[in-house]
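This report refers to the structure that appears directly beneath it.
The values are calculated or read from the model by the stated rules, or taken from the named source; none is laboratory data. Since we're looking at a predicted model, the values are computed, not measured. Note: ideal-geometry Cβ built from the backbone for every residue, glycine included; neighbour counts use all protein chains shown.
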Amino acid sequence: MKKTILTIALVSGAYLTNPALAEDPTAPREDAGPAATAELTEEEYQTRKLSIPVMESRISDRTARIDLLIGEIEKLDARIEERVGKVVENLEKYKDSQDSKIRVAETKQDVMQALGDSIDRYNKTRTEVMNNIAAGKSADDEKAEELVDSFDEKIDKRISQIVDLSKTFTDHKDYKKYVNDGGGYGYGRWYRNGGEKVNEKWKQNRRETTQTDKQRKEVIDALTNSISELERDIKAVQAKLDAGSLSDAQKGFYQQDVERNEKALAERKAQLAKMMDFSNEASTVAIGRRQAHELQLMIRELMTDIRQDSDDMYRKFDDLKRRANELAGMKENLEARKKWLAEYESKHK
């Protein structure tokens, strides 16, 4: 089963920071190596020796618990992706009508905002992993780099979903503002003398395109800003590489950073070009007020499920990071005990 972006972290040790040996009465004293240690009594020796299989059993139990957590996180992540896909696919099919006013458009904007929030969450965790790599705190840089790549894939997917939804908003139509209804005179807001009144189709298109223009500007601005930031980052990192004062490991890290940013830059430019292409209007079906209300209820229910699953997944992920740190410490402690015992036995047994 392919691991999710959240469970790769365990395998990669992306969050581990070389933990100190666990404090335990059966562990060797830090101030005395075997050569300087007086010979133990047989009871003390057996206690030290028997602590190893006990520690191995603890490690096995903790590993099993971590594997269980990984499975739970993978199920949550898969369920989240399935439901996000369902939300986007359903909203892409529909648009508002004179009866629904702007209910569908508002629902689309709410979902786009939620997708943007998830990108912020991914970016925050991605930055944490990158900082750990840069500071030399990850246990396995190669696996941590894979984790960063996985986050980038998630972020790009969410941005593409936002762009796809944005493209389904109603475009401007060339409707006449006033039509003659053949009736008498009116002095209300939407009437003018001569029996003419404001065209309902023009009014509805105006309602919808107000939402279209608002969200389209927000998406285009966000993509434009992202492109500018990526270009600045590439320039800054390239300057570090050109300075020639980096170690080989640092060069490799920063070169990969440039390559990732260049890939993301190409993706953002393609997404911006798609946003700026107004030649093809999305094929959508106009629905009435009742259908729009039912659609809103379905989307809200799905978004509530997604939000709860996401919070649950990140709680489990925090637990996973804690347990992974503990497990790394236990494994290091076990190796120290084995080494200590082997050196002691070579001297005293």
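Some notes on this structure:
- Which listed residue is in contact with an Asp or Glu (Cβ under 7 Å, 6 or more places away or on another chain), surrounded by 14 or more Cβ atoms within 10 Å (Cβ to Cβ), over 20 Å from VAL111 (Cβ atoms) and basic (Lys, Arg), from LYS316, LYS321, LYS331: LYS316
- Some residue of the range 286-301 being in a loop (DSSP other than H, G, I, E, B), at pLDDT 95 or above and either closer than 25 Å to ALA222 by Cβ or of a type outside the set (Val, Ile, Thr) (or both): yes
- Unique residue being assigned to a helix (DSSP H, G or I), touching a Phe, Trp or Tyr at 6+ places or on another chain (Cβ under 9 Å), touching a residue at least 12 places away in the same chain (Cβ under 8 Å) and of a type in the set (A, V, I, L, M) when the list is VAL84, VAL163, VAL104, VAL88: VAL104
- Scanning the range 95-126 for residues that are farther than 15 Å from TYR314 by Cβ, surrounded by fewer than 20 Cβ atoms within 10 Å (Cβ to Cβ) and of a type in the set (S, T, N, Q) turns up SER97, GLN98, GLN109, GLN113.
- Test: LYS86 is over 15 Å from the mean Cα position of the chain (by Cα), surrounded by fewer than 17 Cβ atoms within 10 Å (Cβ to Cβ) and basic (Lys, Arg): yes
- The single condition among (1) within 15 Å of the chain's Cα centre (by Cα); (2) crowded, with 16+ Cβ neighbours inside 10 Å; (3) under 17 Å from ARG307 (Cβ atoms) that GLU74 does not satisfy is (3).
- In the set (1) in contact (Cβ under 8 Å) with a residue 40 or more places away in the chain; (2) under 16 Å from GLN256 (Cβ atoms), the condition left unmet by ARG126 is number (1).
- If only residues of the range 41-71 that are among the β-branched types (Val, Ile, Thr) and closer than 22 Å to LYS338 by Cα are counted, the one that is surrounded by the fewest Cβ atoms within 10 Å (Cβ to Cβ) is THR41.
- Which listed residue, of ARG62, ARG48, is farther than 16 Å from PHE317 by Cα, of a type outside the set (Asp, Glu) and at pLDDT 90 or above: ARG48
- Residue match in the range 182-195 (condition: among the polar types (S, T, N, Q), closer than 20 Å to ALA105 by Cα and at pLDDT below 95): no
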